[in-house]
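Below: one structure, written as structure tokens.
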Amino acid sequence: MSGAFTKTMARNIFYGGSAFFIFIFIALTFDTVGALPERDHRENINEQVILGKRVWENNNCVGCHTLMGEGAYFAPELANVYNRFGNSKEAIIGFIKSRPVDGIPGRRSMPQFNLSDEELEGVAEFLKWTSEVDDANWPPNIQG
Ligand code: HEC
């Protein structure tokens, strides 16, 4: 047997390796998708949460904030803002209504979005739902 590395051997390694990693990819995809319903508590997504998500998108909140680490790094992470604000939707609503304010050191205040009471309730409910998603404890501390 010669020690040469033939084209056939190279092809077999390529096909074998590809098949192996495609299999692992598919298995991990099933594993992730299977675990999601338990982790995201989708049974708690009600009309208000849906409205809040729309408000979130229409006002581009993610253009300044991160949510579970995704988004822009201008303003605080909001995945756990509900907990940071003492598990209070009223505190979130009060905060959003109160902006902008002067004198925040090092950065500008959040702008005013003129949301209706219904939209404010929705966005607070959306942020409450987000705080209850099992995202492997991200962010790692209460400050966000
Ligand atoms: C133009 C950038 C910008 C956008 C867009 C924005 N925010 Fe903010 N937000 C900020 C900044 C800056 C702060 C912190 C400064 C402050 O206290 O005003 C903040 C703070 C917050 C806080 C308090 C966070 C904390 O831990 O103190 C909440 C809640 C919040 N924003 C919600 C929202 C929601 C909901 C939206 C979309 C409707 C939104 N933000 C859109 C800039 C933004």
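The values are calculated or read from the model by the stated rules, or taken from the named source; none is laboratory data. Only a predicted model underlies this, so the values are computations on that prediction, with no experimental measurement involved. Heads up, the Cβs are rebuilt from the backbone with ideal geometry, glycines too, and the neighbour counts pull from every protein chain shown. Accessible surface areas use protein heavy atoms only, side chains included; no ligands, DNA or RNA. Shrake-Rupley method; radii C 1.70, N 1.55, O 1.52, S 1.80 Å.
Some points to look at:
- Dividing the summed -39500 (n - 2.57) terms of all DSSP H runs of n ≥ 4 by the residue count of the chain sets its mean residue ellipticity at 222 nm at -17500 deg cm²/dmol.
- 19 Å Cα-Cα reach of K128 towards lysines, excluding residues that sit fewer than 8 places from it in its own chain: K53, K89, K97
- The residues of region 1-59 have, on average, 85 Å² of accessible surface per residue, using a 1.4 Å probe with all protein chains present.
- Zone of E38's modelled label, taken as backbone nitrogen in region 113-139 under 19 Å from a point 7 Å along Cα→Cβ: 132-138
- Less than 5 angstrom separates the built amide H of T66 from those of A72, A75, E77, L78, all sequence-distant by 5 or more or on a different chain.
- Kirkwood's formula applied to the C-alpha pairs of region 41-144 gives a hydrodynamic radius of 13.9 angstrom.
- With all protein chains in place and a 1.4 Å probe, the accessible surface of the chain carries 60 percent carbon and sulfur.
- Among 96-104, 126-134, the peptide with the highest mean count of other Cβ atoms within 10 Å heads the list, and the full ranking is 126-134, 96-104.
- With K and R counted +1 and D and E -1, the other residues having a Cβ less than 13 Å from that of D134 yield a net charge of -2.
- Relative to the longest principal axis of the Cα atoms of the chain, the long axis of helix 117-132 makes an angle of roughly 40 degrees.
- Hydrodynamic estimate: the Kirkwood radius of region 1-40 over Cα pairs, inserted into Stokes-Einstein at 4 °C and 1.567 mPa s, corresponds to D of 103 µm²/s.
- Under the Karplus curve 6.51 cos²θ - 1.76 cosθ + 1.60, θ = phi - 60°, whole-Hz ³J(HN,Hα) for region 90-103, x wherever Gly or Pro sits: 4, 5, 5, 4, x, 5, 4, 5, 7, 8, x, 10, 8, x
- Model label sites at E118 and E132, defined 7 Å from Cα along the beta-carbon direction, differ in position by 2.3 nm.
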